Structure formats: structure tokens, C-alpha cells
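Each remark here refers to the structure printed beneath this line.
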Amino acid sequence: MRFHDFHDTTRFGMTDNINTLKGMHILLGVTGGIAAYKSAELCRLLVKAGATVQVVMSESACEFITPLTMETLSGRPVPVRMFGRTRGPLEHIDLPTEADIMVVAPATADYLARCATGRACDLISSITLAFDGPVIAAPAMNTNMYNNPATQRNLKTLRDAHGWQFIEPNAGELACGTTGKGRMAEPSQILATLQRLVKTDLSGMTIVVTAGPTVEDIDPVRYISNRSSGKTGYAIASRAAIRGAHVILISGPVSLTPPAGCNVVQVRSALEMASAVDAHSDGADAIIMCAAVADYRPATVSREKVKKPQLSHIELVPNPDILAGLGQKYKGQTKPMLIGFALETENIETNATQKLKQKGIDAIVSNLASDALEGDHTRVTVYLKNGNPIQTDVIPKLQLADLVLNLIHQ
Ligand SMILES: Cc1cc2nc3c(=O)[nH]c(=O)nc-3n(C[C@H](O)[C@H](O)[C@H](O)COP(=O)(O)O)c2cc1C
């Protein structure tokens with residue numbers, strides 16, 4: 001199952017766009033192609049659809065359309081230069097932090113090349129590099145530039161390794177006088193694509209997501225924990241919020257910025273996580289247990305630092321199995337849907353299907369530790385109580401997030 005590219009957008013005609021993107025904070029990047037004149041119309045449509053639009057332009061883009069035009073349409077100052085300080089000295093970090101999604105239209109061949117190689121040589125590239133949400137780009141260029149293996153390689157890298165999505169250029173007459181593929185998708189197509197991506201299909205739903213590790217204290221300085229980064233849970237929470245759900249993110253200690261639009265409950269230990277889940281589970285439509293909850297905790301937490309000789313004899317007691325507890329609590333009920341995660345180092349299928357049955361849950365997302373820990377990508381198999389398993393390639397965690405949320409939506 002792969003995330004689609006958006007080349008078939010023509011069938012999504014413009015309808016009533018009022019407020020379809022309400023609450024979205026969109027970073028609109030404009031780079032230096034002739035199609036930059038269309039960005040003004042795109043900006044207007046996004047604002048009309050209810051989005052907050054922060055435009056950022058490359059210096060080349062200013063040869064084609066003025067920042068004043070974009071500033072007037074978006075109602076916000078438009079940063080262009082790396083050291084321009086339009087919104088303060090750290091706009092290359094602050095602007096990406098505020099945004100839910102980045103749309104770059106048009107995206108020049110050179111901008112794509114810069115991003116594919118991780119360059120941060122100008123403001124728009126730096127912002128793109130610093131942005132950790134979904135990026136959607138509408139490339140536009142001469143047909144030969146587009147078909148050039150270098151550009152195709154960059155597109156592939158950005159799609160496969162960085163998780164970007166592209167609104168493919170249309171074929172037709174180009175500004176350079178030739179005919180072929182390379183004309184930027186129309187603003188209305190780009191808007192329709194965004195509306196499709198930023199679906200509000202989960203609105204009205206309450207989704208509880210747990211993320212990160214738990215930390216089981218031994219004494220004031222030592223603890224037992226694991227290497228869970230929290231990235232998958234945070235990606236799911238972020239996508240669920242963008243798709244309109246009321247999200248409660250129960251998070252163990254991680255070094256990630258909580259996604260916009262989520263109610264975040266910070267916990268430390270498995271016991272704290274269990275009581276937070278218990279407090280929020282009634283009334284939830286789905287509970288997605290991504291957290292790597294420690295199986296055991298020290299029987300007592302010493303107030304003083306434990307002396308070295310005693311460290312090899314710490315008595316451990318089992319933590320509650322939160323997922324199994326939920327399976328028991330909601331047995332025979334259709335709500336909430338319960339989804340667990342299983343990280344294995346071997347025998348994935350046997351272990352995952354066993355857990356699915358034993359814990360009485362609806363689905364289990366299983367992956368190999370070597371495929372999943374800490375990175376931005378993963379490869380999973382989803383085992384369902386009712387249905388055939390779904391296997392993915394290596395995919396960005398944001399893409400996995402949508403896959404899991406689609407199960408809930410269905
Ligand atoms: C008239 C004119 C039109 C251009 N149109 C495009 C275009 O449509 N797509 C493209 O990739 N580059 C185009 N270029 C080249 C880019 O402007 C150039 O590669 C520039 O360095 C891109 O900078 P940027 O990526 O920072 O915006 C054009 C150049 C000129 C002079």
C-alpha cells in the first residue's frame with residue numbers, strides 16, 4: 001500500500017471552498033519559475049478556504065512576482081532573504097515550527113535539487129529542511145528540465161526518502177514556447193489536493209494516542225527505560241489532529257515538540273501512563289497504543305542513590321499490561337477501537353498474531369526493531385482481527401500514521 005501522488009487531481013473540481021482548511025497553518029513556498037504568478041491565486045484560494053497562510057519566497061521568485069502582492073493577499077510579511085529578519089533573526093526555525101503543512105508552488109528544479117541534497121543555503125531551503133511536517137510540492141519547469149534524470153532522481157529522493165508528495169505538472173504549452181509536461185498544476189487543483197489530504201474525515205472523533213517510552217525510576221539518578229523516540233505516536237497524533245479528530249496524546253518523556261492541536265498529557269512511568277489512559281479512555285472512539293511501556297519496574301524507588309553492590313539485586317515487579325486491560329474493559333463493545341504496536345526482533349508474525357488474540361484488540365501494527373527504532377521511516381505489517389494483514393514497504397512514519405488512521409475511519 002503506497003501513498004499516492006496527486007496526478008489525478010483534475011476530477012476534484014472546485015466546489016464551495018469556504019472554511020475547508022479552517023484552522024490550518026500553511027507555509028506557502030514560492031520559488032523562481034514563471035508559474036510564480038499563479039501562486040498569488042493559490043494564496044488567495046487558501047486564505048478563502050480559511051487557512052492561515054505564511055508565504056516565504058526565494059530571491060529568484062521575486063523576479064517573477066513581488067513579495068508585496070503575496071503580503072497583501074496573505075496579510076502577513078513575506079520573508080525572502082536568509083538574513084532579512086522580516087520576522088526576527090530565527091525565522092528559518094520559527095516559521096516551520098508554526099506550520100502544519102508546507103506547500104511549495106511552483107517548485108523549481110534547483111529548489112528540488114537543493115532539498116534533495118539537504119542544502120540550507122537560502123531561507124526557503126533552510127525552512128524546508130527545518131520543517132518536519134508534510135511537504136507538498138508542485139514542480140513546474142521546461143519539459144527537458146523535468147525529464148532530466150537529475151530532476152527525476154531528486155523527485156524520487158524527495159518522495160521516497162523524505163516523504164514528500166507531488167502534484168505533478170500538467171502537459172501542455174509552456175512559457176518557453178515548447179509543448180510538453182512541465183506546466184504547474186492549476187491553483188484550483190492544488191487547493192483540491194490539499195483539501196483531499198487535509199481531510200476532515202475524523203472530525204467528531206476522539207482519539208487517544210500514547211507515545212514514547214516510560215521511565216521506571218530506581219533511585220534519584222538511575223532508571224530503567226527503552227529507546228523509543230516517540231516519533232510514530234507523535235506522527236499519528238499530528239495527522240489525526242490535521243484530519244479533524246480531537247486528540248489526546250499521552251506521552252512518555254521524549255525530545256519532540258508536541259504536534260499542534262493535540263491535548264498533551266505528559267507522564268513518566270508505566271503506572272502514570274496506565275492511569276492517564278484510564279482517565280481518557282471512556283468516550284474515545286479509538287485508542288492507539290504506540291508507547292513502549294516498560295514491562296517491569298523496581299519494586300521500590302529508593303530515595304537515596306543505591307550503592308553499587310545492591311544494584312545487581314534490584315527486585316522488579318510487573319507493570320500493568322495497559323492494552324490487555326483495555327481489551328478486557330471494552331470486551332464485546334464496538335468502541336473504542338483498540339490498536340496496539342509490537343516491536344519484535346524475530347518471529348514477527350507469530351508474536352503479533354498471538355498478542356492480537358491474547359489482548360483482545362482490533363489491530364496490531366508490528367515491526368522489526370531494526371526497521372523502526374528512532375528513525376523517521378519504518379516498515380510494518382498490520383494484523384487485523386477482521387481482515388487480511390497489510391504489509392508496507394519502508395515508509396515515512398507520517399505515512400504510517402495515515403494508514404493506521406484510515407483503519408479507524410473505515
Ligand atoms: C524567465 C525565466 C523563467 C524560468 N522558469 C523556470 C521554471 O519554470 N522552472 C524552473 O525550475 N526554473 C526556471 N527558471 C530558472 C530559475 O529561476 C533558476 O534556476 C533559479 O536559480 C531558481 O532559484 P530558486 O530555486 O531559488 O527559486 C527560469 C529562469 C528564467 C530567467
Checklist entry - What are the residues in the range 144-191 that are more than 15 Å from the ligand (Cβ to nearest atom), over 24 Å from residue 397 (Cα atoms) and free of Cβ contacts under 8 Å to residues at least 40 places away in the same chain, if any? => result 149
Next on the checklist: Among the residues that make up the range 98-107, is at least one of them more than 27 Å from residue 236 (Cα to Cα) and either at pLDDT 95 or above or within 15 Å of the ligand (Cβ to nearest atom) (or both)?
Outcome noted: yes
Checklist outcome for this item: When restricted to 387, 332, 325, the only residue at pLDDT 95 or above and outside any strand (DSSP E or B) is 325
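Just to be sure before I move on: is residue 80 modelled with pLDDT of 95 or more and part of a strand (DSSP E or B) in the structure I sent?
In short, no.
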Checklist entry - Pick from 73, 46, 21, 95: which is more than 25 Å from residue 173 (Cα to Cα), in a loop (DSSP other than H, G, I, E, B), more than 16 Å from the ligand (Cβ to nearest atom) and of a type in the set (A, V, I, L, M)? => result 21
Checklist entry - Quick one: residue 139 ticks every box in (1) surrounded by fewer than 22 Cβ atoms within 10 Å (Cβ to Cβ); (2) within 13 Å of the ligand (Cβ to nearest atom) bar one, so which box is it? => result (1)
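If you take just the helices (runs of 4 or more DSSP H) that sit entirely in the range 185-302, which of them hold at least 3 residues that are at pLDDT 95 or above and in contact with a Lys or Arg (Cβ under 8 Å, 6 or more places away or on another chain)?
On the way: elements: 187-197, 231-242, 270-281.
Per the criteria, 270-281.
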Next on the checklist: Please go through the range 110-125 and give me each residue that is near the ligand (Cβ under 9 Å from one of its atoms), closer than 20 Å to residue 89 by Cβ and part of a helix (DSSP H, G or I), ordered by number.
Outcome noted: 124, 125
Checklist entry - Is it fair to say residue 66 is away from the ligand (no atom under 13 Å from the Cβ), surrounded by fewer than 18 Cβ atoms within 10 Å (Cβ to Cβ) and without any contact (Cβ under 8 Å) to a residue 24 or more places away in the chain? => result yes
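Quick one: is residue 140 at pLDDT 85 or above, of a type outside the set (S, T, N, Q) and closer than 13 Å to residue 112 by Cβ? Talk me through it step by step, then tell me what you get.
On the way: at pLDDT 85 or above: yes; of a type outside the set (S, T, N, Q): yes; closer than 13 Å to residue 112 by Cβ: yes.
Considered against the rule, which asks whether it is at pLDDT 85 or above, of a type outside the set (S, T, N, Q) and closer than 13 Å to residue 112 by Cβ, residue 140 comes out as yes.
The values are calculated or read from the model by the stated rules, or taken from the named source; none is laboratory data. Every value quoted in this text rests on a predicted model; they were computed, and no experiment measured them. Note that we place each Cβ from the backbone using ideal geometry, even for glycine, and neighbour counts take in every protein chain shown.
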